[in-house]
Amino acid sequence: MKKIIFISLVVSVVLSAQDKKLTLEESLQIGLQNSRQIKISESMLRSSDEKVSEYTSQMLPKLSLSAGYTYMNLNEPSEIGLGPLPTSVKNPFYLYGMQLSVQQPIFTGFQLSSLRSSAKNNYEAMSSDHQKNINNKAFEIYTAYWNLFKTERQVELIEEYTHSLDEDLRKTKEFVDNGLATMNDYLKLELQSANTMLQLIDAKNNREIARATFNRSIGLPLNDSTEIETSLILPQAQSMNYDELMLDAINSREELKSLEFKIKSGENRITAANSDWWPKLYASGNFYLYNVNAETFSMDDERLQLWFAGLTLSWDLWNWGYASSRSAQAEEEVLQSRESLELLKEQIEIEVYNAYLLLNSNVEKIKVSQFAVLSAQENYRITKDKYDYQLATSNDLIDAEVDLLNSQTKLTISQADYELAKVRLDLAVGRRIY
């Protein structure tokens, strides 16, 4: 019984969470937590951090242990040796022992230190890429959220229009019955009502497609009946200077930071490649312990125990251009990264400029759309009053209602596009949008 009650409580909590309308902030939080792209990016970042540890470990002493056991049974010949006094063979023969070794690199031509510095810079580059991935995922959620808002608002406006048409049909039917309007007026309104219902079907379908896209962007099942809660903020006058925005983008864009760290990493790899021109010096020490059953050869058992320490120097005097080829490859990779950095700056300049213009244009669109809605509402009010007294035709009424619907739809689209344009500009400048 207790289990049933517990399960019922859990199910009710889950259902209430699903029925709750999601704000933009909650959508971002859920989407970023569930994002597989971000999880992959985090894994790559951890892997890059382990690469630093890998190269650091190669600079420290290496301790290794090896052991072995040999067993031999010699059947033929039974005696070995030359002359009148051969040695008798006794079985079995066995040998076992161990070797403990330690090795410390002293000088590797700056190879290990350069590779570790390269790994550190690569980690910083991966960290910048990770932040960029989070920002891009957040923008994906923003886009899906506002697209769902547009489609939901579109359905609401068309449903309001259908209710208005139903009222128009009722009044027109009374006018026809009383001889104040023709059947043609009534049929025109019926046709408009049917066309509006078709429009509503398409709008609802678009809403469900947008909802599925939104669900996928935040990691929920496609067919969840997710609802969103939106609060629109009217555009406020902002003094934006393009040159300042561009300067912020150059200083803040994660892609630029990533490429700069990759260039430093490439320079470290050049040094590592040039290490082949230098000698390499290692210090090493070994300890041996062996036990030998020597009776097989008519000798006393032996126990061998020894240790030694020494230095090892190796230097490739001639390798058929191997070192120079590796160095040249590393230099070309750095050159490619530098050119990519300049190319990316040019692309960012265009991106920031486009986002800047898009935001300004959406501010103007909202102003015009608001004025258009006010005009359409007044026109509809006057036309409807005239139609109620049969001073306007059904065509006039339909035109006024369609104009009002279109102006409200354009205002909704402009408001959502303005919200997206703000985020797009922040993204282009390199600000965090989550």
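The values are calculated or read from the model by the stated rules, or taken from the named source; none is laboratory data. Note that the coordinates shown come from a computational prediction; the quantities given were computed from them, not determined experimentally. Methodologically, a virtual Cβ is constructed for each residue, glycine included, from the backbone with ideal geometry; neighbour enumeration extends over all protein chains shown. SASA here: full protein model, heavy atoms, side chains in, ligands and nucleic acids out. Shrake-Rupley method; radii C 1.70, N 1.55, O 1.52, S 1.80 Å.
One decimal place: the segment Leu374-Leu63 gains 103.7 nm when fully extended, by the rule 0.36 nm per residue minus the C-alpha distance. Positive-end ranking of Asn406, Ala328, Val292 along the dipole of the chain, with charges on Cβ about the Cα centre, is headed by Val292. Comparing Asp177, Asp248, Asp224 in a Gaussian network model of the chain, where Cα atoms under 10 Å apart are tied by springs, the biggest mean-square fluctuation is seen for Asp177.
Take the Cα of Leu306, step 7 Å toward its Cβ, do the same at Leu335, and the gap between the two points is 5.4 nm. The computed Rg/Rh (Cα atoms, Kirkwood Rh) for the structure shown corresponds, within [x] 1.06; [y] 1.31; [z] 1.16, to [y]. Across region 283-392, C-alpha contacts under 8 Å between residues 6 or more apart give a mean separation that, scaled by the residue count, equals a relative contact order of 15 percent.
Return the calculated 222 nm mean residue ellipticity for the chain, to the nearest 500 deg cm²/dmol, obtained by summing -39500 (n - 2.57) across DSSP H runs with n ≥ 4 and dividing by the residue count. It lands at -24000 deg cm²/dmol.
Given a Förster radius of 25 Å and the C-beta distance between Gln199 and Lys410 as r, what FRET efficiency does 1/(1 + (r/R0)^6) yield to the nearest 0.05?
Calculated value: 0.95.
In plain terms, the chain from Arg216 to Ser284 could stretch by 18.7 nm, reckoned as 0.36 nm per residue minus the Cα-Cα distance.
Each Cα pair under 8 Å and six or more residues apart adds its sequence gap; the mean of these over the residue count of the chain is a relative contact order of 24 percent.
For Thr56 and Glu208, a Förster radius of 56 Å and the Cβ-Cβ distance give a FRET efficiency of 0.55, rounded to the nearest 0.05.
Multiply the residue separation of Asp396 and Thr162 by 0.36 nm, subtract the distance between their alpha-carbon atoms, and state the gained length in nm to one decimal. Working shown, then result.
Working: separation 234, 0.36 × 234 = 84.24 nm, distance 1.68 nm.
Length gained between Asp396 and Thr162: 82.6 nm.
For the residue pairs Lys188/Lys384; Lys39/Lys120; Lys257/Lys280; Lys20/Lys150; Lys150/Lys367; Lys120/Lys422, the alpha carbons lie more than 23 Å apart in Lys257/Lys280; Lys120/Lys422. Surface composition of the chain: carbon and sulfur make up 56 percent of the accessible area, probe 1.4 Å. Electrostatic bookkeeping for Ser114 treats Lys and Arg as +1 and Asp and Glu as -1; over the other residues with beta carbon under 13 Å from its beta carbon, the sum is +3. Placing pseudo-labels 7 Å out from each Cα toward the beta carbon at Tyr71 and Glu174 gives an inter-label distance of 11.0 nm.
Taking Cβ atoms as reference points and 14 Å as the exclusive limit, the residues near Ser325 contribute a net charge of -3, counting Lys and Arg as +1 and Asp and Glu as -1.
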